[in-house]
Amino acid sequence: MTLSAFDPQPATQTRPTTQPVHAGGVSPSAKVTRKILVLGATSGIAEAVCRIWASQGAQLFLVARNSEKLAAVAADLKTRGAAYIGTAVADLDDTDHHAELLSHAINSLTGMDVALLAHGILGDQPRAEQDFHHAAHILHTNFVAPVSLLTWLSNYCVQRRSGVLAVISSVAGDRGRKSNYLYGSSKAGLSAYLAGLRNRIDREGVTVMTIKPGPVDTPMTANMNVKKADVNKVAESIVKGIDKRVDTLYVPFQWAPIMWVVRHIPERFFKKLNL
């Protein structure tokens, strides 16, 4: 199977029955079931977040590239209580098919309250320093592809004057460092884009949330010899942040003051640091 287009998979669970509606709105006893789109659903952070949402009875549509892993994640979320699960196999780097993919996902959910974008790669910094094609791949995956997805999703949300677009960026985007400046620059571009998008559409009732994790204990960071945050605690913070509709979330929270200091180190000193 080629990944030039997406492959919709059958839903793994039937939808919940509609709650009765009384004059003035939904019955106070009715449980609100959120409709959530997850792009890059097999990433460590996204999977942990989805486990929380599933336990809350959310309706989920999951998109990822690896069909076997996607099926395993969907099956696990079903057992955890998700009200509905739809899936599609897709290479999210393929921007030509984003509109078709997103339209299919939202039609499957019959709407959308939240979109979580967790699509990204760490890349190989030493290789990217010598190989422009690898550098371009990092920039495309972490910046260009998310911009394509968010262009469609933001216009969808603006038309409905509602929705949360939660996007995983990184603390690495706060300042370029020699150890990961290709990855960092892609995330810096993404964070700047999200800030501008938020400035444009917040007044339209749409929340644009920038999520900036430090190193998290997931397969993506398996080879990094640094202290890593527990992925389940990070997921809890993300879910709470989305519920509160915050603009920017550093996770764990300690990274906010740390990166404030890093951003304000004078360049004449910073360039001599071995970071």
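Scanning the stretch 71-107 for residues that are of a type in the set (S, T, N, Q) and buried (at least 23 other Cβ atoms within 10 Å of the Cβ) yields a count of 1.
Every residue, every condition in (1) touching a helix residue (DSSP H, G or I) at 6+ places or on another chain (Cβ under 9 Å); (2) loosely packed, with under 14 Cβ neighbours inside 10 Å, yes or no:
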| site | (1), (2) |
| --- | --- |
| A188 | yes, no |
| A192 | yes, no |
| R198 | no, no |
| V206 | yes, no |
| I211 | yes, no |
| I238 | yes, no |
| K244 | no, yes |
| P252 | yes, no |
| I265 | no, yes |
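Given the structure, is S186 at pLDDT 95 or above, among the polar types (S, T, N, Q) and closer than 17 Å to A46 by Cα? Considered against the rule, which asks whether it is at pLDDT 95 or above, among the polar types (S, T, N, Q) and closer than 17 Å to A46 by Cα, S186 comes out as no. Consider V226 carefully, then state whether it is of a type in the set (V, I, T) and either crowded, with 20+ Cβ neighbours inside 10 Å or at pLDDT 95 or above (or both). Answer is no for this residue. With respect to the conditions (1) modelled with pLDDT under 95; (2) closer than 21 Å to V216 by Cα, C50 lacks only one, and its number is (1). Across the stretch 173-183, the number of residues qualifying as in contact with a helix residue (DSSP H, G or I) (Cβ under 7 Å, 6 or more places away or on another chain) and outside any helix (DSSP H, G or I) comes to 5.
Can you tell me which residues in the stretch 218-231 are more than 15 Å from the chain's Cα centre (by Cα) and either in contact (Cβ under 8 Å) with a residue 24 or more places away in the chain or under 30 Å from C157 (Cβ atoms) (or both)? If the condition is that a residue be more than 15 Å from the chain's Cα centre (by Cα) and either in contact (Cβ under 8 Å) with a residue 24 or more places away in the chain or under 30 Å from C157 (Cβ atoms) (or both), then P219, T221, A229 are the ones that fit.
Quick one: how many residues across the stretch 117-133 are outside any loop (DSSP other than H, G, I, E, B) and in contact with a Gly (Cβ under 8 Å, 6 or more places away or on another chain)?
Step one: of the stretch 117-133, the residues outside any loop (DSSP other than H, G, I, E, B) are 117, 125-130, 132-133.
Narrowing further to those that are in contact with a Gly (Cβ under 8 Å, 6 or more places away or on another chain): 117.
So the answer is 1.
Scan the stretch 126-170 for residues that are over 24 Å from A64 (Cα atoms), crowded, with 18+ Cβ neighbours inside 10 Å and either touching a Phe, Trp or Tyr at 6+ places or on another chain (Cβ under 7 Å) or among the charged types (D, E, K, R) (or both) and the total you get is 0.
Can you tell me which residues in the stretch 134-172 are assigned to a loop (DSSP other than H, G, I, E, B) and not small (G, A, S)?
Hit for the stretch 134-172 is R161, nothing else.
Pairs meeting the criteria (first residue in the stretch 74-98 and without any contact (Cβ under 8 Å) to a residue 40 or more places away in the chain and at positive phi, second residue crowded, with 20+ Cβ neighbours inside 10 Å and of a type in the set (G, A, S), beta carbons under 6 Å, at least 6 apart or on different chains) are G81/A54.
Across the stretch 55-67, the number of residues qualifying as surrounded by 23 or more Cβ atoms within 10 Å (Cβ to Cβ) and more than 11 Å from L37 (Cα to Cα) comes to 1.
The values are calculated or read from the model by the stated rules, or taken from the named source; none is laboratory data. Everything numeric here is computed off the predicted structure, so don't read it as measured data. Because the Cβ atoms are built from the backbone with ideal geometry, glycine has one as well, and the counts that use them run over all protein chains shown.
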